[in-house]
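Report on one structure; see the data block that follows.
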Amino acid sequence: MSSTRTEPTETIDTPAGEARITWYPAPAGRARLVLALGHGAGGGIEARDLQALAATLPALGITVALAEQPWRVAGKKVAAAPKVLDVGWTGLWPAFAAPGLPVVAGGRSAGARVACRTAAELGAAGVLALAFPLHPPGRPERSRAEELLGAGLPVLVVQGGRDAFGRPEEFPERGARGASYELVEVEGGDHGFAVPKRTGPTQEEALEVITGAVAGWLGRLPV
């Protein structure tokens, strides 16, 4: 008879509404930091990259907290405005910090933007930007690079090679304007890190690139 593991969830009232955290804890006595991850505007914490990190990192001493913004918890189909997202995320921060460990702020797409905008003020140890939406598809002139460059903390960007919201080669050159972030490309990955079935890496290999890069970067953080 098989059993299904259920991760602990926590519902939190924020100024933007009720939000939710699903915890993937590191083994007792081995946790050294918390990686808090927000979702994008087009989906929730079921995203393949978020789930892959939650499945892999706890064994390495990293507690993963997958956060659902109030608009998502409320069942709405359209994401809240950026300022409201920031308020919701900020309201969750005390829960991320409650274990008494350094917290790395992160997320995918819109969640990555939120992390970049708020991390320094909240006292994060670094920022993980998965599928950072550098610009709307087909609109490179509407760059959001300043959000990324303004994080003021160590930043890791993990970007799909064919992401319509910004391919790796479109990002500002590291070292320009003080940019010191690291960037890892997922070959063939789109905005959701899906890869073509007939060429390049398999989906499993693409996810291994993500988890390996994130684990290595977290291991180098001075926390």
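The values are calculated or read from the model by the stated rules, or taken from the named source; none is laboratory data. Since the model is a prediction, treat every value here as computed from it, not as a measurement. Glycine also receives a Cβ, built like all others from the backbone with ideal geometry; neighbour counts cover every protein chain displayed. Note: accessible area is taken over every heavy atom of the protein model, side chains too, but ligands, DNA and RNA are not part of it. Shrake-Rupley method; radii C 1.70, N 1.55, O 1.52, S 1.80 Å.
Numbers at a glance
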| item | result |
| --- | --- |
| Additional length obtainable on full extension of the chain from residue 170 to residue 18, 0.36 nm per residue less Cα span | 51.1 nm |
| Per-residue HN-Hα couplings for the stretch 36-44 [Karplus 6.51, -1.76, 1.60; θ = phi - 60°; Hz; x = Gly/Pro] | 9, 10, x, 8, x, 7, x, x, x |
| In sequence order, calculated HN-Hα J values of the stretch 120-128 (Karplus, 6.51, -1.76, 1.60; Hz; x Gly/Pro) | 4, 5, 7, x, 5, 7, x, 10, 10 |
| GNM top mover of 70, 168, 82 - the chain, alpha-carbon springs below 10 Å | 82 |
| Rg/Rg_globular for the stretch 69-157, with Rg_globular taken as 2.2 N^0.38 Å and Rg from C-alpha atoms | 1.09 |
| Computed over the stretch 4-130: relative contact order in percent, which uses C-alpha pairs under 8 Å that are six or more apart | 29 percent |
| 1.4 Å probe accessible area per residue over the chain, in Å² | 47 Å² |
| Label zone at residue 98, where the point sits 7 Å out along the Cα-to-Cβ direction: the stretch 21-35 residues whose backbone N lies under 13 Å | 21-24 |
| Given charges at beta-carbon only (K, R positive; D, E negative), |dipole| of the chain in Debye | 200 debye |
| Cut-off under 5 Å, modelled amide H: who pairs with residue 64 long-range | 24, 26, 35 |
| For the stretch 164-223, radius of gyration divided by Kirkwood radius, i.e. Rg to Rh on alpha-carbons | 1.03 |
| Evaluated at q = 0.10, 0.11 Å⁻¹: base-10 log I(q)/I(0), Debye formula over Cα of the chain | -0.41, -0.50 |
| Interchain or long-range residues, amide H under 5 Å from residue 184's placed H | 157, 158, 159 |
| Karplus-derived 3J(HN,Hα), 6.51/-1.76/1.60, for each residue of the stretch 135-142, Hz, glycine and proline x | 7, x, x, x, 10, x, 5, 9 |
